[in-house]
Amino acid sequence: METKLVVGLEIHVQLACETKMFCGCKLGFNDPPNSNVCPVCIGMPGVLPVMNKKAYEYSVRTALALNCSIARFTKWDRKSYYYPDLPKNYQISQYDLPMSFDGVFEIPVGDEWKKIRILRAHLEEDAGKNLHEGIGHSQVDLNRAGTPLLEIVTEPDLSSAEECRIMAQELQRLVQFLGVSHANMQMGHMRFEPNINLIIDDNGIEYRTPICEIKNLNSFRALEGAVAYEKWRHLEEWKKDHNWTVENYGKQNRGWDDAKEQTVFQREKEEAHDYRYFPEPDLVPVEIDDAWLASIQETVCELPLAMQHRFVHDYGLSDYDASVLTSDRATATFFDEAVQECGLGKRVANIVTQFGLKVAHERQCTIDQLDISCHRVAQLATMVQEGTVNASAAATIFEKMLEDPAEPQAIAEKENLIQKSDAGELEAAVLEVLKANEQAVAEATSGSKKAKKARGFLMGQIMQKTQGQANPQIVNQLLDKHLAD
Ligand code: ZN
Ligand code: MN
């Protein structure tokens, strides 16, 4: 018996706009409940919505990065349903004429690339939030009602829980690079809804289990967990009843219980006609021309995976370092500019990953906000490369750079960190240390297990004597010479 998992993903991305999709209300995360509302977004009769142009631009930019075709004519539709967080009793969305369609996005799976086809990406508005915190009553906060959402729908091309997680993470990195979404998971900026079923080949007979949609997953962990759980559950259900197939059962919606780590039945899914879609009469259709589309095309930056590849091929970085350095656009741009100045990919990567990102993480900011400048990082990398300072001095200089706007060379001189590479000058210190540590010298030359450790000890003593300024390569050469005597 063979099984094949089939998953299509719907991803809702909150766009990084200042205001809502069809009114001028502010988008705020922690504002008091129902403070960012107006007659339009709370659905008063007679009001007229107006489209947020920025949201449309952001959506087209994303769709272009996903290699989608862009519709030259698109309209808005009402999707009707009744729920307390939806004051109009309909959501404005795009039904049969989405703003973009037929794209493809490549994701790295192991050492391979996998093409995930994009069925469509359309714009819509979010609903408000129902809060069930009180005892015996619920509350509704409409601050989120009308928030611009880009819904991206893939073809069922994903075939494992891991692939779903990779797809979601790559999309997060993409929209952050494009500057169209903060894609902050804690703030609910990305929500995932996988549609899942299993194809079972049982001695040449093919069974397809019913399609299940898992609603509203808001973390990568939940997405991966829910898909893995469903894969297991579908096989179990089918084993109990071979008639549990897509032909015999309709779609169902399920939720994810984070604590129990399992999916739970919610309801049989509505078919599209249950929503009574019809064209929104209060909004004009959107028509776009070549010139405008070309201007948006120009705002599509180099994409994160392309940049990651360039760092590996042009700068000789490991895949791991390249992925760390392209995890956000600020870091990637900072790194790239420093390397373009000094040409030292690996040296700059060391400084950025070992010192820069560590401090940025502690201070909860991006590396370009540290006031260290890529110019100074390039200079520091050059100093290490040329042996002007050693690695431990570079760490000290970096730390000083955080407070001191001086050039790294000046800091190194001020702090007495210029590396001593003059063999003649260092020889006296080496001989002194060897003389004072006869036992270590004996062990270092013994060829026994202790030799390596003893040599390390001598090295440490010499570094101490020279206040860390000795060039370790020269010291090693001197040790070779004198230990052999
Ligand atoms: Zn409003
Ligand atoms: Mn939607």
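Coordinate-derived values only; no laboratory data. Owing to the predicted nature of the structure, the values given are computational and were not obtained by experimental measurement. Please note: Cβ atoms are built from the backbone with ideal geometry, for glycine as well, and neighbour counts cover all protein chains shown.
Structure values in brief
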{"quantity": "q = 0.15 Å⁻¹: log10 I(q)/I(0) that the Debye formula gives for the stretch 363-422, counting C-alpha atoms only", "calculated": "-0.41"}
{"quantity": "Distance histogram in 5 Å bins (all Cα pairs of the stretch 334-485, percent per bin)", "calculated": "2, 9, 18, 17, 14, 12, 10, 9, 6, 3, 0"}
{"quantity": "Hydrodynamic radius by Kirkwood, which averages 1/r over all alpha carbon pairs of the stretch 176-327, in angstrom", "calculated": "19.9"}
{"quantity": "Per-residue [θ]222 nm for the chain (sum of -39500 (n - 2.57) over DSSP H runs n ≥ 4, rounded to 500)", "calculated": "-11500 deg cm²/dmol"}
{"quantity": "Kirkwood-based Rg to Rh ratio, the stretch 423-483, C-alpha trace", "calculated": "0.94"}
{"quantity": "Nearest 10 degrees, 0 to 90: helix 423-436 Cα axis against the chain principal axis", "calculated": "80"}
{"quantity": "Angle in degrees between helix 451-465 and the longest Cα principal axis of the chain, rounded to the nearest 10", "calculated": "80"}
{"quantity": "P(r) weight above 13 Å for the stretch 130-190, C-alpha pairs, percent", "calculated": "74"}
{"quantity": "Packing-based exposure ordering (other Cβ within 10 Å, fewest first) of HIS361, HIS234", "calculated": "HIS361, HIS234"}
{"quantity": "The chain: translational diffusion in µm²/s, Stokes-Einstein, Kirkwood Rh over Cα pairs, 37 °C, 0.692 mPa s", "calculated": "122"}
{"quantity": "If the convex hull is drawn through the Cα atoms of the stretch 46-104, its volume per residue in Å³", "calculated": "117"}
{"quantity": "Distance in nm between pseudo-label sites at MET187 and CYS38 (7 Å out along the Cβ direction from Cα)", "calculated": "2.1"}
{"quantity": "Pairs from LYS79/LYS251; LYS346/LYS420; LYS79/LYS260; LYS4/LYS129 whose Cα-Cα separation, in the structure shown, is over 30 Å", "calculated": "LYS79/LYS260; LYS4/LYS129"}
{"quantity": "Tilt relative to the chain, helix 329-342 - C-alpha long axis, 0 to 90 degrees, to 10", "calculated": "40"}
{"quantity": "For the stretch 304-414, alpha-carbon Rg over 2.2 N^0.38 Å", "calculated": "0.99"}
{"quantity": "The stretch 112-156: radius of gyration and largest Cα-Cα distance (Dmax), Å", "calculated": "17.1, 53"}
